[in-house]
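Engineer: Got a structure here, written out as structure tokens. Questions coming.
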Amino acid sequence: MAHQQQPPKADSAGRQTRQPLLAQEVPQSAPTPKRYCRPVPATRFVVQLHDATTLHFDLRIKVGEVLRSWAVPKGPSLDPAVRRLAVPVDDHDLSAGEFEGVHERQLRGSGAVIIWDEGSAEVTRDEPDHVTFTLHGSKLAGGFALTRTGERRWILVKTRDASARPGSDIVAEQPASVRTGRTWQEVAAGQTGPTKNR
């Protein structure tokens, strides 16, 4: 009889504990290898731009029934020479990746959120201190790597491949939502559509 996957465990506050991106690829009956690199079926990713205490981007990758997440203050880059700080945050429900609008009870900032990019993804390596994955989005494409440099500090970089764009600044070039064409400022102002002739 096929083994049934156990749901993510929750801590005392009810938050789902983090699970490895490739957890589904390692049989529970087998010892966990020190290093492994197994392809996983195509999954989903989303990058949201959120005006909270500070304006930042949230990189989220679907793992089972949750979104594993990192806050990236300056946003991702397609320039392999650029290193971006990425701070791991709690896993989120899948519904969080669908949200575009304003968090009404935001204590600081406007609370505006846009879906800056989204698409499919494949995780190619998941180690305690290093994760590599390939994105197929409207703005982000190709390989990326996350490397842990501290307890709550990771670095996000673009790999050198055909989709790399040295010297580019994709965040400044394409600031609007991939779903509605609105900027976070337009969402905060309650606009239902993008500003014309922008």
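The values are calculated or read from the model by the stated rules, or taken from the named source; none is laboratory data. The structure displayed is predicted, hence computed values, not measured ones. All Cβ positions, even for glycine, are placed from backbone atoms using ideal geometry, and neighbour counts span all protein chains on display.
Engineer: Any residue in segment 164-186 that's at positive phi: show its pairings with residues that are part of a loop (DSSP other than H, G, I, E, B) and of a type in the set (A, V, I, L, M, F, W, C) at Cβ separation under 9 Å, as long as the two are six or more apart or on different chains.
Structural biologist: If the second residue must be part of a loop (DSSP other than H, G, I, E, B) and of a type in the set (A, V, I, L, M, F, W, C), the pairs left are Gly167/Ala81.
Engineer: Related question: Working carefully through the options Leu85, Leu55, find the one that is closer than 25 Å to Pro194 by Cα, of a type in the set (A, V, I, L, M) and surrounded by fewer than 19 Cβ atoms within 10 Å (Cβ to Cβ).
Structural biologist: Details: Leu85 fails: closer than 25 Å to Pro194 by Cα.
When all the criteria are applied, what remains is Leu55.
Engineer: Can you tell me which condition Pro27 does not meet? The list is (1) within 23 Å of Thr132 (Cβ to Cβ); (2) at pLDDT 95 or above, and all the others hold.
Structural biologist: Just one mismatch for Pro27, condition (2).
Yes/no per residue for (1) surrounded by fewer than 18 Cβ atoms within 10 Å (Cβ to Cβ); (2) not hydrophobic (A, V, I, L, M, F, W, C):
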residue: Glu98; (1), (2): yes, yes
residue: Gly101; (1), (2): yes, yes
residue: Ser110; (1), (2): yes, yes
residue: Ile114; (1), (2): no, no
residue: Ser120; (1), (2): yes, yes
residue: Thr132; (1), (2): no, yes
residue: Leu135; (1), (2): no, no
